[in-house]
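Take a look at the structure set out below.
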Amino acid sequence: MLLDALRADEKLAEWLKEREGDDVPSVDTRLPPTDELPDLLLDLAVPYEDVNEVLALRRTLLADEEATRLLERCVGGLVRDMGEVGKGPYLPGFPLDSGPLGRYFHVYVFVAALPYVRAYHRERGVPDEVSRRTLADLGRGLVLHRRRYGVGGLVTPEWFALHFHGEMYQLGRLQFQRWRLGDGDVARFARVGLELRSGEPCLNLHIPDYRGPLSPEACDRSVALAREFFALHYPDERYESALCHSWLLDPQLKRRLPGDSNIVRFQERFEVVYVNSEPEDDLPIRFVFGDPELPVDTLPRRTSVERAVVDHLRAGGHWYAGRGWFSL
């Protein structure tokens with residue numbers, strides 16, 4: 001049974017205990033019938049090679065009473081406080097040795113939560129095409145899992161919980177997460193003369209892969225879409241700034257890439273407020289090559305970005321994540 005495998009992991013065992021004590025609403029978590037599920041999965045951009053496995057495991061899930069109860073509690077966590085910033089549930093990834101059901105478990109959570117997040121989008125007047133493209137990002141998580149591990153599953157389900165809790169939207173090339181400034185950011189920003197308030201709404205900007213070049217034109221369009229989208233659908237929340245926390249804001253990139261490269265021009269949109277003091281070399285390896293655990297000496301050097309990342313690391317350098325902002 002799935003939960004037996006999860007209890008073997010100390011952190012997941014603790015997470016399961018916490019779920020048992022959660023005050024979550026009782027919601028309908030019936031999964032679509034087997035003959036209706038394929039179309040729904042394809043709408044979520046689930047790759048064809050994963051569809052049959054998800055269909056086959058549906059029966060396994062429904063036969064496991066503990067796993068079914070966990071499904072209900074996870075969906076209840078998504079439904080509770082739907083759309084409230086920072087109040088979505090934490091959904092950890094399950095280890096590979098939890099088996100196929102463990103690797104795909106959160107796909108069923110998001111499928112069962114789909115009617116609730118779509119209803120929330122409709123209440124906010126979110127266009128159907130924005131809703132569909134936002135939630136279809138789920139398929140990217142399955143692509144990345146198979147690319148990284150060689151088997152089907154979903155990477156970083158906690159990331160996709162933002163989409164299915166009404167906090168994240170895909171608007172053109174970029175993704176925008178509704179966010180509120182914390183005390184740490186306010187203090188760091190104050191050091192460079194920016195007077196921001198703790199709790200002030202802002203947009204966290206994210207750069208998904210598999211969406212084409214990060215060209216200035218594509219970014220301009222996304223930012224313009226975001227200004228219009230949030231003013232129209234979240235008029236009660238004034239978004240005046242966009243933030244980004246990424247290795248793409250490491251100033252060292254300007255020394256490794258041509259000045260007219262898309263990445264450098266993206267970086268120049270931001271006032272970089274601070275750069276982390278601890279290196280995070282796994283970030284460029286993860287986002288450029290797909291797997292943060294790949295040995296540096298095996299990495300290819302086919303593109304200018306790959307060469308910049310690899311040559312810097314092989315020369316003994318490190319990469320750091322930066323935090324930057326710009327006014328909307």
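FYI, it's all coordinate maths here, none of it is from the lab. Keep in mind that what you see is a predicted model, and the values were worked out from it rather than measured. Backbone-built Cβ (ideal geometry, glycine too); neighbour counts: all protein chains shown.
Summary table
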read-out	value
Mean separation of Cα contacts under 8 Å, 6 or more apart, over the residue count of the range 1-168: relative contact order %	29 percent
Computed [θ] at 222 nm, deg cm²/dmol, the chain (DSSP H ≥ 4; -39,500 (n - 2.57); rounded to nearest 500)	-14500 deg cm²/dmol
Mean Cα-pair separation over length for the chain, i.e. relative contact order, pairs under 8 Å, 6 or more apart, %	14 percent
Segment Trp15-Ser304, extension gain: residue separation times 0.36 nm, minus the distance between their alpha carbons	99.8 nm
Stokes-Einstein D in µm²/s, Kirkwood radius over Cα pairs - the chain at 25 °C with 0.890 mPa s viscosity	115 µm²/s
Cα-based reach from Lys254 at 16 Å (exclusive), listing aspartates and glutamates while leaving out same-chain residues under 8 positions away	Glu268, Glu271, Glu306, Asp311
Projected label distance in nm at Val192 and Asp39, using a 7 Å step from Cα toward the beta-carbon	5.0 nm
Segment Asn52-Asn276, length gained on full extension (0.36 nm per residue, minus Cα span)	76.3 nm
Compactness of the range 72-196, expressed as Rg and Dmax over alpha-carbon positions, Å	16.4, 51
Full-extension gain in nm, Arg265 to Thr60, via 0.36 nm per residue minus C-alpha separation	68.9 nm
